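The values are calculated or read from the model by the stated rules, or taken from the named source; none is laboratory data. These figures come from a predicted structure and were not determined experimentally. Neighbour counts run over all protein chains shown; Cβ positions are idealised from the backbone, glycine included.
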Amino acid sequence: MHALARILIAGVALAVLPAVAQVKTDPAPDRFDAADANHDGKVDRAEYDGFVDEMVLLRDTNRDGRLDRDEVGSHAAARFDKIDANHDGSLSFEEIDAFSGPDFAAMDANGDGGIDRNEAASAAKADKASK
């Protein structure tokens, strides 16, 4: 009986393995690729604003239209107090929009109206170094 069970299990495994091997998952896009909606190698202001808005909507877990400190997560905790202009402990879309303008300008190092991959990497490196 044990030999028959092993043969059945081996047969099922051999039948399933080719199907599993064919399933390929695409890697998650990095943040730059996700923001570069038209895939031209630059993130312009409209793409940046759209990406920021999408991130806010994804993080607003209680769907109150604001981001609380716990919804922001550790990666943006250092910026939370800068963005929270009225110091009410949450971030509104207006506060985030007011912050995103200067944030975009700072990342657009050459002032051409778009953030390329090198500028994004430099900004990320500078942000990481400031923590």
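Yes/no per residue for (1) closer than 16 Å to residue 45 by Cα; (2) exposed (fewer than 11 other Cβ atoms within 10 Å of the Cβ); (3) charged (D, E, K, R); (4) touching a helix residue (DSSP H, G or I) at 6+ places or on another chain (Cβ under 7 Å):
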{"site": "89", "(1), (2), (3), (4)": "no, no, no, yes"}
{"site": "102", "(1), (2), (3), (4)": "yes, yes, no, no"}
{"site": "105", "(1), (2), (3), (4)": "yes, no, no, no"}
{"site": "108", "(1), (2), (3), (4)": "yes, no, yes, yes"}
{"site": "112", "(1), (2), (3), (4)": "yes, no, yes, no"}
{"site": "115", "(1), (2), (3), (4)": "yes, no, no, yes"}
{"site": "121", "(1), (2), (3), (4)": "no, no, no, no"}
{"site": "126", "(1), (2), (3), (4)": "no, no, no, no"}
{"site": "129", "(1), (2), (3), (4)": "no, yes, no, no"}
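Could you run through segment 84-119 and say how many residues are closer than 17 Å to residue 51 by Cα and assigned to a helix (DSSP H, G or I)?
Applying the first criterion (closer than 17 Å to residue 51 by Cα) to segment 84-119 yields 91-108, 113-117, 119.
Right, trim to assigned to a helix (DSSP H, G or I) and you get 93-107, 117, 119.
Qualifying residue count, segment 84-119: 17.
Here's a check for you: in segment 91-100, which residue that is more than 17 Å from residue 77 (Cβ to Cβ) and not polar (S, T, N, Q) is surrounded by the most Cβ atoms within 10 Å (Cβ to Cβ)?
In the first step, residues of segment 91-100 are kept if they are more than 17 Å from residue 77 (Cβ to Cβ); the result is 92-94, 97-98, 100.
From what is left, the residues that are not polar (S, T, N, Q) are 93-94, 97-98.
Details: 93: 15, 94: 10, 97: 13, 98: 13.
Ranking the candidates gives 93 first.
Yes or no: segment 10-28 includes at least one residue that is charged (D, E, K, R), surrounded by 10 or more Cβ atoms within 10 Å (Cβ to Cβ) and either modelled with pLDDT of 50 or more or over 28 Å from residue 115 (Cα atoms) (or both). Explain how you work it out, then say what you get.
Step one: list which residues in segment 10-28 are charged (D, E, K, R), which gives 24, 26.
Of the ones still in play, those that are also surrounded by 10 or more Cβ atoms within 10 Å (Cβ to Cβ) are none.
For segment 10-28, residues charged (D, E, K, R), surrounded by 10 or more Cβ atoms within 10 Å (Cβ to Cβ) and either modelled with pLDDT of 50 or more or over 28 Å from residue 115 (Cα atoms) (or both): absent.
Looking for something within 11 Å of residue 114 (Cβ to Cβ) and in contact with a helix residue (DSSP H, G or I) (Cβ under 9 Å, 6 or more places away or on another chain) - is there at least one such residue anywhere in segment 56-63?
Here is the first cut: in segment 56-63, the ones within 11 Å of residue 114 (Cβ to Cβ) are none.
No.
Out of curiosity, is residue 38 out of contact with any His (no Cβ under 9 Å at 6 or more places or on another chain), at pLDDT 90 or above and closer than 21 Å to residue 103 by Cβ?
Criteria met by residue 38.
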